[in-house]
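Reading through the structure tokens given below for one structure.
The values are calculated or read from the model by the stated rules, or taken from the named source; none is laboratory data. Remember, predicted model here, so these are calculated numbers, not experimental data. Positions of Cβ are backbone-derived with ideal geometry, glycine not excepted, and every protein chain shown enters the neighbour counts. For the accessible areas, the whole protein counts, side chains as well, though only heavy atoms, and no ligand, DNA or RNA atoms are used. Shrake-Rupley method; radii C 1.70, N 1.55, O 1.52, S 1.80 Å.
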Amino acid sequence: GFALLFLSEYASIIFMSFLIVCIFLAGGLNSVLLTSALGLFFCFIFIWVRGCFPRYRYDKLMGLAWKIYLPVSLFMLFFYLIWSFKKSI
């Protein structure tokens with residue numbers, strides 16, 4: 001049971017690494033060797049950061065999302081809407 005969870009977690013790291021390479025670094029236009037090397041580099045970075053920094057508890061993440069990220073993003077949205085409305089007048 002747990003082995004499949006860990007395998008899926010590392011599979012998502014590999015998938016996201018190669019997705020970053022293909023989308024942001026034009027992976028389809030370069031050689032296969034360069035694309036693979038960049039994908040493995042981003043895999044290393046993901047695993048390195050994951051191993052170096054502590055994980056946050058789920059309740060801390062939810063508090064961060066509701067108390068910090070949501071008010072800041074709503075403020076930025078309203079600021080942009082007001083700024084674009086005044087710009088059109």
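Somewhere in the range 82-89, is a residue open to solvent by 80 Å² or more (accessible area, probe 1.4 Å), part of a helix (DSSP H, G or I) and closer than 27 Å to GLU9 by Cα?
Quick first cut of the range 82-89, residues open to solvent by 80 Å² or more (accessible area, probe 1.4 Å) only: 82-83, 85-89.
After this cut, where a residue has to be part of a helix (DSSP H, G or I) as well, the list is 82-83, 85-88.
Then drop every residue that is not closer than 27 Å to GLU9 by Cα, which leaves none.
No; the residues of the range 82-89 include none that is open to solvent by 80 Å² or more (accessible area, probe 1.4 Å), part of a helix (DSSP H, G or I) and closer than 27 Å to GLU9 by Cα.
Looking only at the range 10-61, count how many residues are in a helix (DSSP H, G or I) and either open to solvent by 60 Å² or more (accessible area, probe 1.4 Å) or touching an Asp or Glu at 6+ places or on another chain (Cβ under 9 Å) (or both).
Of the residues in that region, 26 qualify.
Are any of the residues in the range 40-48 β-branched (Val, Ile, Thr) and modelled with pLDDT under 90? Working first, answer last.
Residues of the range 40-48 that are β-branched (Val, Ile, Thr), as a first pass: 45, 47.
Going one step further and asking which of them are modelled with pLDDT under 90, we end up with none.
Looking for residues that are β-branched (Val, Ile, Thr) and modelled with pLDDT under 90, one finds none in the range 40-48, hence no.
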